[in-house]
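See structure below.
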Amino acid sequence: MIDAKGNTLFEIGNKEDAFQPDGFCWVHAVTSTDRVIAVADSDCRKLVFFTADGRYLGTVPAQDLGLKNPWMPALAFAPDGTLYLSGEQNREGTPVREAFVLRIEGFEALK
């Protein structure tokens with residue numbers, strides 16, 4: 001995280017091992033509220049959450065959201081604290097790619 005002058009305030013994520021729950025393989029989207037930072041990692045297929053000051057909160061594997069091999073390029077918090085994740089993935093057993101938008105609730109208290 002940097003401030004408006006470009007000064008580093010803190011860094012998030014495990015720099016030693018991307019495959020740890022708090023690590024990143026390749027970040028594709030980041031969004032935040034005043035209290036939480038959410039990161040979409042399409043390569044490791046997970047969402048990772050941190051407090052606004054950089055403390056690790058937890059990880060949600062894409063599989064736990066019903067996704068198998070998603071590309072997750074967009075992530076955003078709505079004003080009410082709802083998290084939206086969009087992307088696409090292969091439809092199993094076909095050459096078809098399907099898009100998705102997931103509404104993930106439960107962050108209202110963190111807005």
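List of remarks:
- From the list Phe50, Phe100, the one residue that fits, being touching a Gly at 6+ places or on another chain (Cβ under 9 Å), surrounded by fewer than 16 Cβ atoms within 10 Å (Cβ to Cβ), among the aromatic types (Phe, Trp, Tyr) and not in a loop (DSSP other than H, G, I, E, B), is Phe100.
- Residue in region 70-82 that is in contact with a His (Cβ under 7 Å, 6 or more places away or on another chain) and free of Cβ contacts under 8 Å to residues at least 60 places away in the same chain present: yes
- Total residues in region 14-43, condition closer than 20 Å to Gly87 by Cβ and not in a strand (DSSP E or B): 6
- The set of residues from region 61-97 being over 16 Å from Val39 (Cα atoms) and part of a strand (DSSP E or B) comprises Glu88, Gln89, Asn90, Arg97.
Residue by residue, here is whether (1) under 14 Å from His28 (Cβ atoms); (2) in contact with a strand residue (DSSP E or B) (Cβ under 9 Å, 6 or more places away or on another chain) holds:
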site	(1), (2)
Gly54	no, yes
Leu57	no, yes
Pro70	yes, yes
Ala76	yes, yes
Leu83	no, yes
Glu92	no, no
Arg103	no, yes
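- Residue within region 47-66 that is touching a residue at least 40 places away in the same chain (Cβ under 8 Å), polar (S, T, N, Q) and under 29 Å from Val96 (Cβ atoms) present: no
- Check on Asp41, in contact with a strand residue (DSSP E or B) (Cβ under 7 Å, 6 or more places away or on another chain), without any contact (Cβ under 8 Å) to a residue 12 or more places away in the chain and not polar (S, T, N, Q): no
Quick note: the coordinates plus some simple rules give every number you see, no bench work behind them. Treat the numbers as computed from the prediction; the structure is a model and nothing was measured. Reconstructed Cβ throughout: ideal geometry from the backbone, glycine too, with neighbour counts over all protein chains shown.
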